[in-house]
1. Pull up the range 179-204, narrow it to residues that are under 17 Å from residue 107 (Cβ atoms) and assigned to a loop (DSSP other than H, G, I, E, B), then point me to the one that is modelled with the highest pLDDT.
2. For the range 144-165, check the following and say yes or no: at least one residue is at pLDDT below 75 and either in contact with a Leu (Cβ under 8 Å, 6 or more places away or on another chain) or open to solvent by 40 Å² or more (accessible area, probe 1.4 Å) (or both).
3. Where in the range 1-83 are the helices (runs of 4 or more DSSP H), entirely inside, with at least 2 residues that are β-branched (Val, Ile, Thr), farther than 25 Å from residue 125 by Cβ and open to solvent by less than 60 Å² (accessible area, probe 1.4 Å)?
4. Pairs please, first residue from the range 54-66 and without any contact (Cβ under 8 Å) to a residue 24 or more places away in the chain, second anywhere and open to solvent by 30 Å² or more (accessible area, probe 1.4 Å) and of a type outside the set (Gly, Ala, Ser), Cβ atoms under 8 Å, 6+ apart in sequence or on different chains.
5. Would it be correct to say that residue 175 is in contact with a His (Cβ under 7 Å, 6 or more places away or on another chain), assigned to a loop (DSSP other than H, G, I, E, B) and modelled with pLDDT under 75?
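The values are calculated or read from the model by the stated rules, or taken from the named source; none is laboratory data. Computed from a predicted model, the values in this text were never measured in an experiment. No Cβ is skipped: glycine too gets one built from the backbone with ideal geometry, and neighbour counts run over all protein chains shown. Calculation scope for accessible area: heavy atoms of the full protein, side chains included, ligands and nucleic acids excluded. Shrake-Rupley method; radii C 1.70, N 1.55, O 1.52, S 1.80 Å.
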Amino acid sequence: FNEWFIRDTSLKIRASHRIKGKSGAPLSKPPYGYMKDPENKKHWLIDEEAAEVVGNIYKMYLDGRGTEQIAGYLEQQMILTPNAYAKEKGFKVSGILSKDKYSWRSSTVSKILAQEEYCGDIINFKTYSKSYKNKKRRQNEKENWAVFENVNDPIIDRETFEKVQQKRGKVHNKKRKDSEHNMFSGLLVCSDCGSNLHFHFNQGNRDIQYFNCSN
């Protein structure tokens, strides 16, 4: 009976969640660069300070800098990471805060470059959990997303966003934070799928260097 009650409650919450998501109400918190509108919870306002950083990230990427180079630049300029910035502003913070509040990661930059929400869209159901017993979030297929365009003011215009996505889909050499090229960059390919292998180095120890497949 206890098991049935928990399952029944979970199904009701999921149904409510789906109705809310299908109506266009955002199911997730605003991404870095936006903040909730205090007068309308379904609307996001541009956070000018963070939005300027987002705009610079897109500009640097289109100018030819790789994600690791951009992360290194932001770190050198002592720009707060998204989580550190959220904490300083009193916003809700998810995940573990790094001890170094200026320590940007390449993956953080990549995430910002991939978020269509910066065009002013609301996108729901990007992730899902299998059941109330397994709360681990999984990536949802794109055809299952609910996309509502031009709901909020854009930080990045759609043309610029599309250019970045095209560039991210093309083969390009990743550069180190110190702008040095690895001698094998652009030459190595995956033995399984034929895609170019991308150069990386360990954030904590730059002597640890490796290549991996983009797929």
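1. The first filter runs over the range 179-204 and keeps only residues under 17 Å from residue 107 (Cβ atoms), leaving 198-204.
Adding the requirement that they be assigned to a loop (DSSP other than H, G, I, E, B) leaves 202-204.
Numbers: 202: 62, 203: 54, 204: 58.
Ranking the candidates gives 202 first.
2. So far as the range 144-165 goes, no, none of its residues is at pLDDT below 75 and either in contact with a Leu (Cβ under 8 Å, 6 or more places away or on another chain) or open to solvent by 40 Å² or more (accessible area, probe 1.4 Å) (or both).
3. Values: elements: 2-22, 48-62, 67-76.
Filter on the range 1-83 gives 48-62, 67-76.
4. That search, which allows pairs on different chains as well, returns 60/73.
5. Values: in contact with a His (Cβ under 7 Å, 6 or more places away or on another chain): yes; assigned to a loop (DSSP other than H, G, I, E, B): yes; modelled with pLDDT under 75: yes.
Criteria met by residue 175.
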